[in-house]
Structures are given as C-alpha cells and as structure tokens.
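First the structure, in the form of structure tokens, and then the observations on it.
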Amino acid sequence: VARHFNRLYGEVFPLPKTILNKAPSLPGTDGRKMSKSYNNCIYISDTPDVIRKKIGTMFSNPERKRRSDPGDAEKCNVYEFHKSFTDPATLSRIKGECADASIGCVECKRILTENVIEALQGPQQVRMRIEREPAYLDDVLRRGREEATAAAEATMRRVREAVGLW
C-alpha cells in the first residue's frame, strides 16, 4: 500500500530498511532453538556468575574431543554467540585458532563470557532502574507516545497535502 501511494503521490511514507546482523538468530546454550521451556537461554537478569556457569556448560564443537583436535568454528554453538558479542578482529582470530587447535573450547568460552557480561551491563542497568523506579518506565512510555504522535501527525499532514485535502 505504501509503495503504491508513494508512486502516485510522491515519497510520503518512508519504507522501512532491513537491518541484518551476522547472527540473525541465536541458538540456545545447548545448540537447540533458544527457548525458555528448554531452559537454554541467557537472560538480561542473569548475574555474571550465572552467565559464566551457562556459557561454561555450553554445547560446543562436537568434532573436538581433545584440546589438540583442530575444529571448525562454523560448526560450533559457542562461535554463533561470538558472532553477536565479539569484535570482528577477535572473531577472526578465534576462528583461526580453533582451526589450528591453538585455542581450546574453555578459553573460547571464557572470551565469550566476558563479552556477554560486558554487553549486558547497559541493559541490566536499565532493567534495575525500572525495578527501582516504576515511574521511569511510565515516563519513557509517555515520551515515546508523544514522539510517535508527533511523527504520525507530520506524516498525515504530508498525506493530506499529497492528495490535495489541504
């Protein structure tokens, strides 16, 4: 509908752009689909110790039986998490070190653990603030509603102008 309208009346409705990351979905810590019912998730509410335990027991590369066995990072559940939480240079290094067995799964998990803990610090602080100050969430929602209303009103003004109602 928006495309058709834009063709008839000019660019009134901006079309959404696709945003993709390197890991569009994460598997669970056991390699299956991430699901609360499987108990294979890492939650924003998890403490660093809980995160360490969950990642420490994570399903990794089934082909690596010993530390000296070369691995294929692309077949490793831990590496899938690295794609979302590890910087590109370290990600590339881990992939190479896994292939030549110069890094073991324990070290790989340790790196991931620290990256996940660091990445979750900001969201965890926001979550704690919401728990401490319920009015904060109300304020965020009110401001969001006001911004959305203003944007919708501006769009409707452009729509009316485009179709000649104003």
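Give the lysines reachable from LYS109 as a straight Cα distance under 28 Å; neighbours fewer than 8 places away on the same chain don't count.
Output for LYS109: LYS22, LYS33, LYS36, LYS53, LYS54, LYS65, LYS75, LYS83, LYS95.
Could you go through the range 96-101 in sequence order and give the Karplus-derived ³J(HN,Hα) for each residue, using 6.51 cos²θ - 1.76 cosθ + 1.60 with θ = phi - 60°, rounded to whole Hz, and x for Gly and Pro?
x, 5, 5, 5, 9, 6
Run the numbers on the chain and let me know its relative contact order in percent, using alpha-carbon pairs under 8 Å that are six or more apart.
21 percent
Just order 115-123, 141-149 by mean Cβ neighbour count inside 10 Å, highest at the front, would you?
In descending order of packing, they fall as 115-123, 141-149.
Give me the distance in nm between label points sitting 7 Å out from Cα along the Cα-to-Cβ direction at VAL50 and ALA2, one decimal.
The two pseudo-label positions are separated by 3.7 nm.
GNM on the chain, C-alpha springs below 10 Å: top fluctuator among THR18, THR47, THR29?
THR18
How large is the helix-only mean residue ellipticity at 222 nm for the chain, computed as the sum of -39500 (n - 2.57) over DSSP H runs with n ≥ 4, divided by its residue count, in deg cm²/dmol to the nearest 500?
About -19000 deg cm²/dmol.
Express in nm, to one decimal, how much length is gained between CYS41 and ALA89 on full extension, taking 0.36 nm for each residue of separation and deducting their alpha carbon distance.
14.7 nm
Let a ≥ b ≥ c be the square roots of the eigenvalues of the Cα gyration tensor of the range 31-80; is it rounded (a/c under 1.5), or, if not, prolate (a/b larger than b/c) or oblate?
Taking the square roots of the gyration eigenvalues as a ≥ b ≥ c, the range 31-80 is prolate.
Using packing as a proxy for protection, rank 31-37, 108-114 so that the peptide with the highest average count of other Cβ atoms within 10 Å comes first.
Listed from highest to lowest mean packing, they are 108-114, 31-37.
May I ask you to derive the FRET efficiency for ARG66 and GLU118 from their Cβ-Cβ distance with R0 = 22 Å, giving the value to the nearest 0.05?
Step by step, r from the Cβ atoms, then E = 0.15.
Calculate one ³J(HN,Hα) per residue across the range 49-54 by plugging θ = phi - 60° into the Karplus curve 6.51 cos²θ - 1.76 cosθ + 1.60, and present them in order as whole Hz with x for glycine and proline.
3J(HN,Hα) across the range 49-54, in whole Hz: 5, 5, 4, 4, 5, 5.
What does the extension gain come out to for GLU153 and THR57, with contour length at 0.36 nm per residue minus their alpha carbon separation?
Extra length available between GLU153 and THR57 comes to 29.4 nm.
Residue by residue through the range 80-95, which ³J(HN,Hα) values in whole Hz follow from phi under the Karplus form 6.51 cos²θ - 1.76 cosθ + 1.60 (θ = phi - 60°), with glycine and proline marked x?
With coefficients 6.51, -1.76 and 1.60, one gets 4, 5, 4, 4, 9, 10, 10, 5, x, 5, 5, 4, 5, 4, 4, 4 Hz.
Assuming 1.306 mPa s and 10 °C, estimate D for the range 68-166 with Stokes-Einstein, Rh taken as the Kirkwood radius over Cα pairs, in µm²/s.
90 µm²/s
With a 10 Å cut-off between alpha carbons and a GNM built on the chain, which of ASP46, ASP138, ASP100 moves the most?
ASP138
Coordinate-derived values only; no laboratory data. The shown structure was predicted, so the numbers you read here are calculated from the model rather than taken from an experiment. No Cβ is skipped: glycine too gets one built from the backbone with ideal geometry, and neighbour counts run over all protein chains shown.
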